[in-house]
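These notes are about the structure you will find just below.
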Amino acid sequence: MVRAIESVKAQTYPCRHYIFVDGEQFSDKVKGLVEPYQDLVITYLPMNTGKNGMVNSGVNAIASFLVEEDIICYLDDDNWYKPNHVEELVKVLDRGADLHIH
(Lines give C-alpha, C1' and ligand atoms only; values in the text may rest on other atoms or scores of the structure.)
Protein backbone atom coordinates (compact mmCIF):
# COMPACT_ATOMS: atom_id res chain seq x y z
CA MET A 1 0.00 0.00 0.00
CA VAL A 2 2.87 2.38 0.73
CA ARG A 3 4.10 2.05 -2.86
CA ALA A 4 0.59 2.86 -4.13
CA ILE A 5 0.39 5.96 -1.92
CA GLU A 6 3.87 7.11 -2.92
CA SER A 7 3.01 6.68 -6.61
CA VAL A 8 -0.05 8.90 -6.21
CA LYS A 9 1.91 11.49 -4.24
CA ALA A 10 4.52 11.55 -7.04
CA GLN A 11 1.98 12.41 -9.75
CA THR A 12 2.78 15.35 -12.02
CA TYR A 13 -0.95 16.18 -11.79
CA PRO A 14 -1.89 17.04 -8.20
CA CYS A 15 -3.81 14.34 -6.33
CA ARG A 16 -5.03 15.65 -3.00
CA HIS A 17 -7.80 13.47 -1.65
CA TYR A 18 -7.46 9.79 -0.83
CA ILE A 19 -10.31 7.43 0.01
CA PHE A 20 -9.55 4.13 1.69
CA VAL A 21 -12.12 1.35 1.45
CA ASP A 22 -11.08 -1.50 3.67
CA GLY A 23 -13.67 -2.16 6.31
CA GLU A 24 -13.30 -2.05 10.05
CA GLN A 25 -11.03 -5.10 10.20
CA PHE A 26 -8.24 -3.22 8.38
CA SER A 27 -8.72 0.34 9.63
CA ASP A 28 -5.99 0.28 12.30
CA LYS A 29 -3.45 -1.12 9.84
CA VAL A 30 -4.31 1.46 7.18
CA LYS A 31 -4.25 4.34 9.66
CA GLY A 32 -0.82 3.21 10.82
CA LEU A 33 0.49 3.14 7.26
CA VAL A 34 -0.80 6.59 6.34
CA GLU A 35 0.13 8.31 9.61
CA PRO A 36 3.37 9.77 8.14
CA TYR A 37 1.39 11.44 5.33
CA GLN A 38 0.02 14.44 7.23
CA ASP A 39 -0.46 16.44 4.01
CA LEU A 40 -3.11 14.09 2.60
CA VAL A 41 -6.86 14.56 2.81
CA ILE A 42 -8.07 11.09 3.75
CA THR A 43 -11.58 9.68 3.94
CA TYR A 44 -12.12 6.19 5.34
CA LEU A 45 -15.10 4.11 4.34
CA PRO A 46 -16.06 1.63 7.04
CA MET A 47 -17.38 -1.11 4.77
CA ASN A 48 -15.34 -3.73 2.96
CA THR A 49 -16.95 -4.20 -0.43
CA GLY A 50 -14.26 -6.39 -1.92
CA LYS A 51 -12.39 -5.61 -5.12
CA ASN A 52 -15.37 -5.87 -7.48
CA GLY A 53 -17.65 -4.13 -5.03
CA MET A 54 -15.29 -1.17 -4.78
CA VAL A 55 -15.08 -0.63 -8.51
CA ASN A 56 -18.61 -1.53 -9.52
CA SER A 57 -21.00 -0.34 -6.85
CA GLY A 58 -21.19 1.89 -3.83
CA VAL A 59 -17.90 3.74 -4.17
CA ASN A 60 -18.78 4.80 -7.71
CA ALA A 61 -22.16 5.99 -6.51
CA ILE A 62 -20.83 8.12 -3.67
CA ALA A 63 -17.34 9.11 -4.86
CA SER A 64 -18.42 12.41 -6.37
CA PHE A 65 -20.08 13.36 -3.08
CA LEU A 66 -16.98 12.52 -1.02
CA VAL A 67 -14.44 14.66 -2.84
CA GLU A 68 -14.37 18.02 -4.55
CA GLU A 69 -12.20 17.01 -7.50
CA ASP A 70 -12.73 16.82 -11.24
CA ILE A 71 -10.88 13.52 -11.65
CA ILE A 72 -11.44 10.34 -9.62
CA CYS A 73 -9.01 7.44 -10.03
CA TYR A 74 -9.13 3.99 -8.45
CA LEU A 75 -5.97 2.18 -7.42
CA ASP A 76 -5.67 -1.14 -5.64
CA ASP A 77 -3.28 -1.27 -2.70
CA ASP A 78 -0.89 -3.60 -4.54
CA ASN A 79 -0.59 -1.46 -7.69
CA TRP A 80 1.00 1.88 -8.52
CA TYR A 81 0.94 4.63 -11.13
CA LYS A 82 3.77 5.97 -13.26
CA PRO A 83 4.42 9.63 -12.31
CA ASN A 84 2.54 11.06 -15.31
CA HIS A 85 -0.41 8.63 -15.25
CA VAL A 86 -3.11 11.05 -14.10
CA GLU A 87 -1.71 13.94 -16.13
CA GLU A 88 -1.93 11.87 -19.32
CA LEU A 89 -5.53 10.91 -18.54
CA VAL A 90 -6.39 14.58 -17.99
CA LYS A 91 -4.84 15.47 -21.36
CA VAL A 92 -7.06 12.88 -23.05
CA LEU A 93 -10.11 14.30 -21.28
CA ASP A 94 -9.13 17.84 -22.23
CA ARG A 95 -9.14 16.76 -25.88
CA GLY A 96 -12.80 15.83 -25.46
CA ALA A 97 -12.72 12.12 -24.73
CA ASP A 98 -15.28 10.55 -22.44
CA LEU A 99 -13.04 8.32 -20.37
CA HIS A 100 -14.08 5.52 -18.05
CA ILE A 101 -11.30 3.01 -17.44
CA HIS A 102 -11.03 0.18 -14.93
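The values are calculated or read from the model by the stated rules, or taken from the named source; none is laboratory data. Computed from a prediction, not measured in an experiment: that's the story for all the values here. No Cβ is skipped: glycine too gets one built from the backbone with ideal geometry, and neighbour counts run over all protein chains shown.
Kindly establish whether V67 is touching a strand residue (DSSP E or B) at 6+ places or on another chain (Cβ under 7 Å), modelled with pLDDT of 75 or more and of a type outside the set (K, R).
Numbers: touching a strand residue (DSSP E or B) at 6+ places or on another chain (Cβ under 7 Å): yes; modelled with pLDDT of 75 or more: no; of a type outside the set (K, R): yes.
In short, no.
Being part of a helix (DSSP H, G or I), at pLDDT 65 or above and among the hydroxyl-bearing types (S, T, Y), is that true of even one residue in region 25-37?
yes
With surrounded by 14 or more Cβ atoms within 10 Å (Cβ to Cβ) and at pLDDT below 80 as the only criterion, which of V86, V59 stands out?
On the way: V86 fails: at pLDDT below 80.
Testing whether each residue is surrounded by 14 or more Cβ atoms within 10 Å (Cβ to Cβ) and at pLDDT below 80 leaves just V59.
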